[in-house]
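S.K.: Encoded as structure tokens, here's the structure I'll be asking about.
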Amino acid sequence: MSKAAIAAKEKLVDAFAEELKAAKAILIIDYLGLTVEEVTAMRKELRENDVKMKVIKNTYLRRAAAKAGIEGLDDAFVGPTAVVYTDNADDITEPARIVSKYEDNFEVLNIKGGMLEGKLTSKEEIKELAAIPGREGLLSMLVSVLQAPVRDFACVVKAVADSKDEAAE
């Protein structure tokens, strides 16, 4: 192999290692068996939610993970592998939610494992995380909870006013 080819591959590994260092959520998936249309649809949905997906040789993944200081994922870098990750700290649940949805819809897709905020995560933990609503959903729930006492008070005041109107008639 030429020195130029080795340098190019090393550059690829270094660039991906930097992306992995910045990632807040990393999922390792086996996508083999999905059609081109299914993979394209999943990539589009991931992209729309500020999530990236890369398919890189396992040897490069191992080297990039080592350079990024990520340990414990080597067992997942076997067979067809794609890395789904985001550096968006506001919603680390998004990659898990999207990939879990596709895993539920397509039996061939398999979550091998991952890492959330620097901690190794199993497939089961990723599935639990996927069940948590996203940032927007949680904010909506919070607003609803905060509005409930005011709404209840307004209903009571209206009921009292209505009962006084009926008594006056």
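S.K.: For the stretch 120-139, how many residues are modelled with pLDDT of 75 or more and assigned to a helix (DSSP H, G or I)? Give the steps one after another, and end with the answer.
M.R.: Residues of the stretch 120-139 modelled with pLDDT of 75 or more: 120-130.
Filter again for assigned to a helix (DSSP H, G or I), leaving 123-130.
Final tally of qualifying residues: 8.
S.K.: Follow-up question, since we're still on this one. Among the residues of the stretch 93-128, which ones are among the hydrophobic types (A, V, I, L, M, F, W, C) and surrounded by fewer than 19 Cβ atoms within 10 Å (Cβ to Cβ)?
M.R.: Within the stretch 93-128, the subset among the hydrophobic types (A, V, I, L, M, F, W, C) is 96, 98-99, 106, 108-109, 111, 115-116, 120, 126.
Of everything in the stretch 93-128, those that are among the hydrophobic types (A, V, I, L, M, F, W, C) and surrounded by fewer than 19 Cβ atoms within 10 Å (Cβ to Cβ) turn out to be 106, 108, 120.
S.K.: Now, a different point. Is it fair to say residue 1 is out of contact with any strand residue (DSSP E or B) (no Cβ under 7 Å at 6 or more places or on another chain) and not in a helix (DSSP H, G or I)? Steps first, please.
M.R.: Values: out of contact with any strand residue (DSSP E or B) (no Cβ under 7 Å at 6 or more places or on another chain): yes; not in a helix (DSSP H, G or I): yes.
For residue 1, the condition - out of contact with any strand residue (DSSP E or B) (no Cβ under 7 Å at 6 or more places or on another chain) and not in a helix (DSSP H, G or I) - is met.
S.K.: Which residues, counting only those in the stretch 31-45, are closer than 25 Å to residue 71 by Cα and touching a helix residue (DSSP H, G or I) at 6+ places or on another chain (Cβ under 9 Å)? Give the steps one after another, and end with the answer.
M.R.: In the first step, residues of the stretch 31-45 are kept if they are closer than 25 Å to residue 71 by Cα; the result is 31-32.
Passing the criteria: only 31.
S.K.: Separate question: How many residues are surrounded by fewer than 20 Cβ atoms within 10 Å (Cβ to Cβ), free of Cβ contacts under 8 Å to residues at least 60 places away in the same chain and not β-branched (Val, Ile, Thr) when one looks only at the stretch 78-90?
M.R.: 3
S.K.: Can you list residue pairs whose Cβ atoms sit under 9 Å apart, with the first residue in the stretch 108-125 being at positive phi and free of Cβ contacts under 8 Å to residues at least 40 places away in the same chain and the second being outside any helix (DSSP H, G or I) and open to solvent by 70 Å² or more (accessible area, probe 1.4 Å)? Count only pairs 6 or more apart in sequence or on different chains.
M.R.: Final answer for the pair search is 118/24.
S.K.: Count, please, the residues in the stretch 26-42 that happen to be open to solvent by less than 70 Å² (accessible area, probe 1.4 Å), β-branched (Val, Ile, Thr) and free of Cβ contacts under 8 Å to residues at least 12 places away in the same chain.
M.R.: Step one: of the stretch 26-42, the residues open to solvent by less than 70 Å² (accessible area, probe 1.4 Å) are 26-31, 33-35, 38-39, 41-42.
Cutting the leftovers down to β-branched (Val, Ile, Thr) gives us 26, 28-29, 35, 39.
Applying the additional criterion that residues be free of Cβ contacts under 8 Å to residues at least 12 places away in the same chain yields 35, 39.
Summing the residues that are open to solvent by less than 70 Å² (accessible area, probe 1.4 Å), β-branched (Val, Ile, Thr) and free of Cβ contacts under 8 Å to residues at least 12 places away in the same chain in the stretch 26-42 gives 2.
S.K.: Taking the condition of being β-branched (Val, Ile, Thr) and closer than 19 Å to residue 108 by Cβ, how many residues in the stretch 41-80 meet it?
M.R.: Quick first cut of the stretch 41-80, residues β-branched (Val, Ile, Thr) only: 51, 55-56, 59, 70, 78.
Filter once more, keeping what is closer than 19 Å to residue 108 by Cβ: 55, 78.
Counting residues in the stretch 41-80 that are β-branched (Val, Ile, Thr) and closer than 19 Å to residue 108 by Cβ gives 2.
S.K.: Please find, within the stretch 43-75, the residue that is farthest from the chain's Cα centre (by Cα) out of those that are among the polar types (S, T, N, Q) and surrounded by 13 or more Cβ atoms within 10 Å (Cβ to Cβ). Walk me through how you get there before you give the answer.
M.R.: Let us first name the residues in the stretch 43-75 that are among the polar types (S, T, N, Q), namely 49, 58-59.
Filter once more, so that each one left must be surrounded by 13 or more Cβ atoms within 10 Å (Cβ to Cβ): 49, 58.
Values: 49: 9, 58: 21 Å.
So the residue we want is 58.
The values are calculated or read from the model by the stated rules, or taken from the named source; none is laboratory data. What you are looking at is a predicted structure, and each value in this text was computed from that prediction instead of being measured. We place every Cβ from the backbone using ideal geometry, glycine too, and count neighbours over all the protein chains shown. These area figures cover heavy atoms from the full protein model, side chains too; ligands, DNA and RNA do not enter into them. Shrake-Rupley method; radii C 1.70, N 1.55, O 1.52, S 1.80 Å.
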